[in-house]
Every structure is written in C-alpha cells, then in structure tokens.
Amino acid sequence: MTFILESTSSFNTQPNQSLEINTYKYEKSGFRIIFIDVPGPLCTTTIVVPTLSPNDKGLPHTLEHLIFCGSKNYPYRGYLDSLANRCLSTGTNAYTMEDNTGYTLVTAGAEGTINILPIFLDHVIQPTLRPYQFLTEIYHIDGTAKQKGVVYCEMASRENTEPDLLDLHLRMNLFQNKSTYSYECGGKTKDIKNLTNDEIIEYHKKFYDPSNISVIICGLIDKNKVLQSLEEVPELLCSHKDSSVVDIPAIEYPPFPVVENNLITETVHFPVSDDDVGSISYAWRGPALENLKDIIGLDVIFRYLYETSASPLCQRFIERKVPLASDVDFELKGTVDSSLLLIFSGVPYITEANKDQGEEAESENNDDDNNILDEMSISKDANDANTAEEYEIIDNLEDLFKPGVFFEKLMEIFKNFAENGFPNENMIKKTIDRHRIKIYEGLEEDPHEILTTYVIQDLLRYNFAVHSELHDAKHENATKPIIGTRNQIFNILNELESYPQEFWKNLIKKYITDAVTIEVLMVPDPDLANEQASKEIQDQEDRIKELGPEKLKRLDEELEKAIKDNEINIPQKVLDNMPPIPDVTKIPLFRGEATIKSILDEKEVKKQQITLNNNDLPSPVQLIKQYDLSRPFSFIQYVKTDTFFSQVKIYLNTVHIPEELRDYFVLFQEMLFCTPVEIPKELTKDNKPKLMSYQSVVENTSELCTSNEASLGIGNEIFHVSYLSETFVISASSERNKYNELCEWMMMILMFSKFNEERIISTAKNLLSQLTETKREGSEMLSAISTKIIAECNNDNSNTSLLNDLAISVFNQETFLQKIITFIKEGKTNEIIQNLEEIQKCILKSIEMIAKEADESKLSSIIYKKKEIVPGFVQLAMPYDYDHDPIQEFLACWDKCYKIYQNQLNSYSMEITSNVEINKKINYNNLYKITSTFPFPRKPFNINSIDEAHRSVMVPIAGLCTSFLIQYVESEVLSPMPNEDIYAVTILAELLTRTEGPLYTSIRGNGYAYDGSLCLYLWSGQLAFSLYDSSEPQKATMEFYQIIEEMNTEEGWAKICSDFHIDTAKASVVYKNVSSKSTASGVIYSYLRGALRVNIF
C-alpha cells in the first residue's frame, strides 16, 4: 500500500459520542486524505487546495470555474456532474476563499463517493483549461458589445452590494493591502477583463500540485476501498511540480501604521434605492489558529456581549426607543491568524432629505426630562419598589456616520468589560454553558460542514503560518500537520469555567481596547446607483464605437464557436460505461419513528362515540359533550430520533382572527420571547405574582432554550412565509433533562406575556430598518411581489393563508409599522396594546370557544359559513432513550397553565374575549365539523384567480445590477392522493434543473443568469421557473421556452429525456430525499411534512 496512516485523533460531537479522525498520506507526495467517521446517510467530500490571491483578477475563482469544464482523462464537459448525479448526488460544487479553494461532493451512501473521487481529482489536478472554455466561462464581449462570461456576470452582480463591499474594505484595511486577505478572491470586474487564460494555467501549476492538496471525507465509508481506488491512478497523486515554479509563500501580516486612537476608519458609499439605513462595522486581528484558549474565550465573551436582546451591545445600540442599529452580528473568522468582525446593520443615516426623522428622534430622546427609562435589572419583581433603573443615553443620529463617533460609543462597552469583566461568576458559567450547548447543536445539525471547517483550519496553519506554537508549520520545516486540534474545545470550555475575571478582562484588553481597530462606515447612496446604471449603458455605447461593426461581428462569431466547443456532447459509449446507480437500500438511514395521538376523545363519557366521517357532522352541543374541546389543538405528533435535545412546536390556527388584527402578526411574533412576562402566583415559588422585565425573559430563554422562535407559519422570514401561514407557531428546544421546564416556560411566554410602549416602539423601529434592507434584495422582493399579486387578486375571504401572507408583506408592513410609531407619538399606545392582547387571546381560544363564537356571529364568521373548525396541532420530538411520556407531560403542563390563564381572563371580565358573552344561548341546530389537521386543509394555486393585468409584472429596483424572475403555472399533484403525477413532475423539474442539465447549460452556460431552475412547490400547487442574478432575463427565458418546445418533438424528447437522463434525474431525487432526512431536525421535519400532506387516518 502506498498510503500510510499519518495520524489518528477523535472528536466528541455529543457528550457520549466520539468520532474518529484518521489522516493518510501518499508516500510519494504530500497528498493527504482525511477520514472523519460521521454517522448518517450522507458522505461529504471536500478537496482542499490552499490558494492565495496575488491581485484582484480572481485567479483562484476563475480557475475554480474552469475545473468543471473537463479533464485530461475525461475531456467531455458535463461528464463529471452526470456521473455525480448517478452516484446519488445533485452534482459537484466548489467555493473560493481568500486562503483556500474547496471542491465539494455530497452523496447518499458511500458507494457513489468511491466511484467518483478519482474522476473528480482528475478534473482538479489535470483540467483541460482550453481558451474557448475561458471565453464562455470567464469573460468575453458579445456581438452587442456587452461584457459577459459566467464569472464576470457573477461578480458584476455582487461587487457593488453592501455585504461584498463591506467585507472587502474591512479586509483591505485589516491587512493593509499587502496580503491575500486584502484582495477580492472572486475578482473585480475591471480586473477580470484583463485576465488571460495563460495566467490561469500558470496559477494552476503553482498551487494545484498533488503535494499541496488534501481530501476530507466525512461519513461512513470503507477507507480501504477509497485508498485502493486512488492507488489505481498513481499519476494523479505523484508530484508534478516544475522546478521553475516558485514555492508557495507563508501569509505574513503587515504591521499597522501608527494612528490616532488606534483607529483606522474608512467611509464607503454603496449603490441602493434609498438612503434610510447603512451599516457600521469593526474588525480586529485575533489569536493564531492554534491558540484555542484565546479563540474560545473571545467567542464566549462576544456571546455574552451581543447574542440576545438583553446583552450589553443590544441594550446600548438596538433595544431602545431610538435604535442606533437594527441588528448586530459577530464572527470570529478562521484566517491564519484569526480575525474578529462586529457588524451593526440598519444604522439610521440622516441626510437633509430625511432630517425630520433625526429631529423627531432627538425629540423622543428629550422626553421625560431628557431621560427614558431603560430597565437593566436582571429581574424585576412586581412588588419590588427598589428595582435598579438606568437611563437611556441621548445620541445625535446625525453624527453616527462621522468617523470615530460610533466607535467611541462602542469602546465604552468594551472598556467597561475590560475594567469590570462579567457581572458575576454565575454569568461566566451560564455563558460558557450556552456556548457549549450551541456547539453541540451545530454539530448535531451540520456535523459534516463544521468538522470539515475545523480540519481545514489545521491545514491552513500547516501550509501558511509563519510560526505555530504546535510546531507544525511547513514554513518552519514541519513535515506534517496536526489534524484534529479542535477536539480540545470542550476540555477548554470546562477549564475556562474556573478562570478568574482577570483572564476575561485581559482578553478584551489584548485583542480589542489596546489593539488597532478597523472601522468601515457603509453609506447608502441612491445617486451612485443611478450613476452606475448610466455608466454601464455609456460604456457599452463607447465599446460599440471603439470596436466597430466588423470586430463586433468577429467577436460574435468567435463566441458562437466557443459555445459550440463547450456544448455537452458525451459519446453514448462513454455514458454506457458509467458505473451503475448505487443500491439505495444499502444507505444507512437516520433513525426515526413517529406516532400521532388524537386528544379530542380524552374526556370521559359514556360509550357513545361519534365518528367524524363523510358528512355526518355533530352539532356544537354534541362536540362539547362527547369530545374534550378545552384546548386549541386536537392532535399531537410525537417523534423519536437520535437527538441530544427535546423539541416542542405548537401550531395554533388563525382562521378566526379578525382581519383588522392580522397586521399585528409581525409585531406580535417579534415581541414574544423579548417582552415582559407576568408570572401568576400559582407558578411562583413564593406564591406571589412576579413581573419579569423583558431582559430577564430574554436571559431566562437563553439559559433554558437551545433555540426558540415565535412566527407565522413554516419557513418564516419576518415578512414572508414559505407555507402554512394560517397557523401561528411557537417553538423551542432544550436539553432533554429540561423538557418539563421548557414546556412550562413556553406556556408562560404564550399566555402571560405583557406588552408595553417601550418594547413596541423599539421593535417597530427595528422592524422598519430590517424592512428597508429587505427591499434592497432582489430575491426577497420577487417573493414579496408574487405574494402580493396572488393574495390581492384572490377574492376568497376564507383563504386565511393568503390573508396572512398579505398582512405580513413588506408592502403592508411598511405603512403599518409607520402607523404604529405615529400612534405612540399621539398617545394611542393603549389601542396598540389592546390589539396585541386580542391576538394573544384569539390564538389561545379553545375549540369549544371558537365553536360558540362562530355561532354567535353567523353573518361574519367564516367558520359558521364553512361549517367546520380547523384546530391547531402540536409536534414533540425527543431522544430515543427518553424514558417518560412526553405527551402526558406536555398536556399536564398545558392544562395547568391554561386553567390559570382562563381564570385570569374571567377575573378581569365576564367575557373571555371582547364582545362575546360566553353564557349566551347557542343555536344547536347548526352543524360543525372538526377537520383533521393531518392532512392539513389547503387551497392550491388557481391561475384563474389572477386577472390579466397582473399576470405579467415588472418592478424596477435601483441599485440592483441583475434581474430576478419567476413564472408560475398550476401544478396540483398532492390531491387526490395517491397521485402519480407528483413523481413525474418532480423528476421533470430535476431533469431540467440539474447541474450541467438543459437549463444549466443554456442559461448559465451562455452567461444569461447565474442560475435558472424549475421548482415544484407541492404545498401551493405551483410549478415555477425562476432566474437568479440574470444579466439577460429575456434571453434566459426564451432559452427555457425553447427547451420546452424542443421537448414537444420526438427528436427533442429523445435528446433531453432519454432513459439515461431520466435515470440520472431519479438518482438526484433520491439524494435530495435522503439528504432532507440526514439529521435529527431533518427527520423531525420530514415526519411533520408527511403528516400535513397525507391522510393518515
């Protein structure tokens, strides 16, 4: 054997689970393959090439794209991804970073990985790199003088966006324009157009020698088979390095210049359609990658400083009546010596045009004798008159984007920590516990990516570090890397629990307060957006004049030749020799089992039973007597799987909520978990009611919950929901031993939350800032516009889903949130609070109360008109070894809290909800049906509901450099079930969309868009064609139509939908199905999704 075992280590992904990491080295070169034994059905491969950027031409990125165009032994474009699809994958992929390029593959099961790895490596190590490939994939000028190329168009769509400009300018300043980290590894368009194919060939020679390459495989795979498959192609693994090629240098960090206040600041304007908000960000150089103690310590400190709305940074800048930002995010980036990034987004930008906003903010700041009460106490007792109070600091919003102003405010927080440390020893332990459990959560949700990233950091240290405390730096003559250093994370966390405050204070001093700080002020600039759009048009006109008709004609002819040269044209003989699709029955599936319990028949009655079948509908009196309708939900799904956590999700129907209250959903969902809670005396230890401040609520939630959310529907993005938007969902997870505590806390949040002006105004203003940023995103606006059209054109007032979709959309919420702020200024806060409380009461109404109210308001009640009630439902998920009955524990907790809640309502008023008398006589002649939530009732898309005027809509958005498009047709394949069309349409969409498939080659391959796809939306009954980042949306769309037309011919069908292509698409669909259930959360969600879609009774 020519591979030798170089090292072995392990990693604990859960308290009682350890994974083995084995590193093998090829004896004749430095090529390494690293195996991480991650359990589950997926096998992920990352081919890691340490690469550097010497300039802004994007050499690593352009080469990454060309790798997939063919190789020495497999020169046919499309062969690699066709093989990958047939190996139970969706194709190969890649990424480019400032210090490494990675080529990735994920397969269901290990057999496909073994089949494809040698061929994938052949593409990476021996690519063809032909001139015509460069022309289509990287850069060209077409016959109309437009600048094109897949890479060029990709970077043109990104390089002027706020996130990309911010990232680049932080790095340029942090590394002083003298390091690979200072350059745009993707390439700047002005430099890409000067790049040549020869430069890329030379770059490949320098960095892509096998001695510089490592492969990381995560999954359950036969190591010997993998090694044997590679040993059969020794020419791939032996070093090809030319003696003339200069060795790869180490990454050295240039010194900072001496600057005032240790601050280097830069103001960057970015093109956008509005000038309402910008962002302000900071960066520092951090510890070396091997200095895990300092890295983990800084992670813990920043988790305390920024993670929750009760944390110091959020309290100072976000959770205020006059917010200075809408969000703050922190990243400890794994550069060779790490870097620390702190980003404040949604920072209000005050100009002459919007100066009134700043003046109004100042006026608010000066209310109440220039002081605004800011509750900073850890907890607030309703009967404690001595609760500590601090005052909100007055800030001039006009100064925020002046260099150093925001920085001074930020430094106050850091200097306070450097002087005092954590508030107490208990907070240190709590924050470390939180950090530990979040790492466990990440390892459960995405072990492949996290563990691969950990290993890559070890490889980068080995390849690029000038010095390593572990003595494993290549540039210090080390011969091998130490792999698996991150296995010390949990030991270090345990050790840090006993460290004194001085350790933590010194970390902040060393890396923050005593260090050079980089500040980048991102200023929104609508004029720049218009200038750039005009410049692009003018530049094209200038090129037309400069090149002239003859040269443009030659360029077009050359492009046609290049496109033809790059067409996918794999000989049938080659296709026939591909390995067979792996046996899917051998894939080690993730364990899981689910049961569903109906809780309608729990009330003890005589043996009279009523079946809710067909049209035999019981009356309200029958329902009340025969069934237990005392709760808002009727079914509980219980899932057992291999998880470390317990999970609770409560889905409450909103069909009975008055339309005028639906606008409050966004405000309501964002305030839950971060608004005061009034705990009733029955739930306190001293039998006295207690008012918890919102800071205490947030801190308790953070301590108890691994994750938590309150939202409308599934896949909530604040102003948009993927589906099931007729339900309001409150969900949370925790460690298994905290399950009962978790249930009780969720009930308290849901039933006893209290709303006040302070939280409403802060939440509303921050939501407006987030809304402004949402309006700048092409993909977000595409969803919003589609939803608006479908919802507004639908005249079915009983379609709760569409009513909710419209209520939470950016178009409605912008006006509504502004109205909320105005109401508060006009002293109408009580009206807002009453409406929020009314939503709270509505979603908590029992099925019995919903039935009674429907009967009371016959004319206006949708429920009465439809003669049916759709209850809510609950999903519980637990580890396999949980030895109690979680359903009974949940119901006991719910019933206890719900009884207290109802008693409170009755004590405040003789009405359970306003305007409804509970004792009023019910007309028992009316019949109602309690609809099963499994499957959940749904209304598929109906194209006839959209009038002609709205079937084609175009919306210009300033600041966007590319277009986004979506087209819908009806595709109802869920009903009736079973419906064979579901498989046919799913395979059709995959066949057309797969990597190197028809849409990929005709749209992306021609540079018309970065992505074009066909997607089946099962729940809404839609088949959608979409374009993402399109430079030529008209041409891209016509390519799609041409493919559809071609499929209508016998010859076209044989070409596009041959048995080979259909089998390949089927294999990709199998992969997607397995992948969706490859983690505990995936298994849990798949059981819910299946129950919602299919009648299981």
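Accessible surface area normalised per residue over segment 787-905 is 40 Å², counting heavy atoms of protein chains with a 1.4 Å rolling probe. The lysines within cross-link reach of residue 510, meaning a Cα-to-Cα straight distance under 30 Å and a gap of 8 or more places when in the same chain, are 178, 293, 333, 402, 409, 415, 429, 430, 438, 474. Counting only alpha carbon atoms, the long axis of helix 739-752 and the longest principal axis of the chain meet at about 60°. Normalised per residue, the accessible area of segment 943-1095 is 49 Å², obtained with a 1.4 Å probe and no contribution from ligands, DNA or RNA. The overall shape of segment 120-222, judged from the alpha-carbon gyration tensor, is oblate: a/c is not under 1.5, and a/b is no greater than b/c.
Cross-link partners of residue 205 among lysines, defined as those whose alpha carbon lies under 16 angstrom from its own and excluding same-chain residues fewer than eight positions apart: 72, 241. The lysines whose alpha-carbon is closer than 23 Å to the alpha-carbon of residue 825, local same-chain residues fewer than 8 away aside, are 321, 355, 754, 765.
Estimated from helices alone, the mean residue ellipticity of the chain at 222 nm is -13000 deg cm²/dmol (sum of -39500 (n - 2.57) over DSSP H runs with n ≥ 4, per residue). On the basis of the beta-carbon distance and an R0 of 22 Å, residue 1055 and residue 966 show a calculated FRET efficiency of 0.25. Each of residue 2 and residue 396 was given a label point 7 Å from its Cα along the Cα-to-Cβ line. The distance between the two points is 7.2 nm. For segment 533-591 versus segment 624-665, the inter-centroid distance based on Cα atoms is 49 Å.
A Förster radius of 41 Å combined with the Cβ-Cβ distance from residue 144 to residue 576 puts the calculated FRET efficiency at roughly 0.50. Ordered by solvent-accessible area of protein heavy atoms (1.4 Å probe), largest first, the residues 1018, 195 come out as 1018, 195. Diffusion of segment 943-1095 by Stokes-Einstein, at 4 °C in a medium of 1.567 mPa s and with Rh set to the Kirkwood radius over alpha-carbon pairs, works out to 75 µm²/s. Of the accessible area of segment 82-193, computed with a 1.4 Å probe over protein heavy atoms only, carbon and sulfur atoms account for 54 percent. Please report how far the C-alpha centroid of segment 1020-1097 lies from that of segment 128-177, rounded to the nearest whole angstrom. Centre-to-centre (Cα) distance: 29 Å. For residue 97, nonlocal amide neighbours, meaning residues 5 or more places apart or on other chains whose placed amide H falls under 5 Å from its own, are 102. Taking Cα centre as origin and charging only the Cβ of basic (Lys, Arg, +1) and acidic (Asp, Glu, -1) residues, the dipole magnitude of the chain rounds to 2880 debye.
Over segment 943-1095, with every protein chain in place, what whole percent of the accessible area is carbon and sulfur at 1.4 Å, could you tell me? Heavy-atom surface of segment 943-1095 belonging to carbon and sulfur, 1.4 Å probe: 54 percent. Counting only protein chain heavy atoms and rolling a 1.4 Å probe, the accessible areas of 671, 172, 977 rank, largest first, as 977, 172, 671. If the chain linking residue 267 and residue 792 were pulled fully straight, counting 0.36 nm for each residue of separation and taking away their Cα-Cα distance, it would gain 184.8 nm. In loop segments of segment 659-762 as defined by DSSP, the trypsin sites (Lys or Arg not before Pro) with at most 12 further C-beta atoms inside 10 Å of their C-beta are 685. Calculated FRET efficiency, residue 225 to residue 10, Cβ-Cβ distance, R0 = 22 Å: about 0.45 to the nearest 0.05. Note on residue 164 and residue 837: the extension gain reaches 238.1 nm, defined as 0.36 nm multiplied by sequence separation minus the Cα-Cα distance. Multiplying the residue separation of residue 684 and residue 194 by 0.36 nm and removing their Cα-Cα distance gives an extension gain of 169.3 nm. Annotation: residue 196 carries an accessible surface of approximately 60 Å², with a 1.4 Å probe and no ligand, DNA or RNA atoms counted. Probing with 1.4 Å while keeping every protein chain in the model, the per residue accessible area of segment 479-607 equals 61 Å². Our Cα-only numbers for the chain put the radius of gyration and Dmax at 30.5, 96 Å.
Per atom type, segment 469-574 shows carbon and sulfur on 49% of its accessible surface, probed at 1.4 Å.
Annotation for segment 290-328 versus segment 22-36: alpha-carbon center distance of 40 Å.
The values are calculated or read from the model by the stated rules, or taken from the named source; none is laboratory data. The model shown is predicted, which means the values in this text are computed figures rather than measured ones. Virtual Cβ from ideal backbone geometry, glycine too; neighbours counted across all protein chains shown. Ligands, DNA and RNA are stripped out before the accessible areas are found, and what is left, the full protein with its side chains, is counted by its heavy atoms. Shrake-Rupley method; radii C 1.70, N 1.55, O 1.52, S 1.80 Å.
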